[in-house]
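The next block holds one structure in the form of structure tokens; read it before the comments.
The values are calculated or read from the model by the stated rules, or taken from the named source; none is laboratory data. Treat the numbers as computed from the prediction; the structure is a model and nothing was measured. Note that we place each Cβ from the backbone using ideal geometry, even for glycine, and neighbour counts take in every protein chain shown.
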Amino acid sequence: MNLPFRNLWYISYGSTAIVLAADYKGRAAAAKLYFKRPDAVALSRTEFEVLKKLKGIQGVPEPFDFFECSITESQVGVAIPEKASVIARERAFANGELQFSSAMLFQHYRGLRNLCDVSPLPEEFFGQLEAMVRQVHDRGLSLPEDADFFADSGKPARPVILDWMHAFSLKSDPSRDGFIRENFYLVGALRQLYCGKKAPAQA
């Protein structure tokens, strides 16, 4: 299969996918390749649709493309760390290679940093994060429980949230108010850890 992206290099891995940096139609992209498993295509397509719904929100990666595929580790042509292979081995390992069933391309943020690595962060950072969460709620979605929070490479840094696979609709959930409060409490907890402010943010 001819992949629609090139110049790949490894970034990270998780329990459902690996993430590679790539060039895509002249743009810096992240290529998220989902390990082959029965629900992989549905989950990856869901994540792509979530990003489309959140398009335009500062700190949420812009979605570029999604496609189903059936490719192997050797076809990708990137050295994947053994630890990533171990994570996926039971789900997506066959004939000595990792197997992938779908891919999503989205905006690549160069130089992302973990919050603990740039702490203490200014209050402005957490104000931006609160505004970002409100925009997500306004689009009818809640933060995923396993969302990853980062600071971009700007000066001053701005918040970035990755991994939207498990975001869910607030409109269809009777517990929506509780989830909204939990999202803002999480922002408050991050502020307490990395800025020093003790009171959680209020919705």
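A few notes on this one:
- Residue count, the range 20-43 (criterion: over 24 Å from ALA147 (Cα atoms) and touching a strand residue (DSSP E or B) at 6+ places or on another chain (Cβ under 6 Å)): 2
- Restricting the range 49-84 to residues that are modelled with pLDDT under 85 and part of a loop (DSSP other than H, G, I, E, B), the residue that is nearest to ALA21 (Cα to Cα) is VAL78.
- Filter result for GLY111 (of a type in the set (Gly, Ala, Ser) and within 21 Å of PHE64 (Cβ to Cβ)): yes
- Index of the failed condition, ILE87 passing every other in (1) at pLDDT 60 or above; (2) of a type outside the set (Asp, Glu); (3) part of a helix (DSSP H, G or I): (1)
- Residue check for ALA17: more than 21 Å from PHE150 (Cβ to Cβ) and of a type in the set (A, V, I, L, M): no
- Residue match in the range 164-184 (condition: aromatic (Phe, Trp, Tyr), touching a helix residue (DSSP H, G or I) at 6+ places or on another chain (Cβ under 7 Å) and over 26 Å from VAL19 (Cβ atoms)): yes
- Close pairs from the range 65-77: first surrounded by fewer than 16 Cβ atoms within 10 Å (Cβ to Cβ), partner among the β-branched types (Val, Ile, Thr), Cβ under 9 Å, at least 6 apart: GLU68/VAL41
- Test: residue in the range 152-167 that is in a strand (DSSP E or B), outside the structural domain of SER44 (by TED's automatic domain parsing) and more than 24 Å from GLN192 (Cβ to Cβ): no
- PRO156 surrounded by fewer than 16 Cβ atoms within 10 Å (Cβ to Cβ) and without any contact (Cβ under 8 Å) to a residue 40 or more places away in the chain: yes
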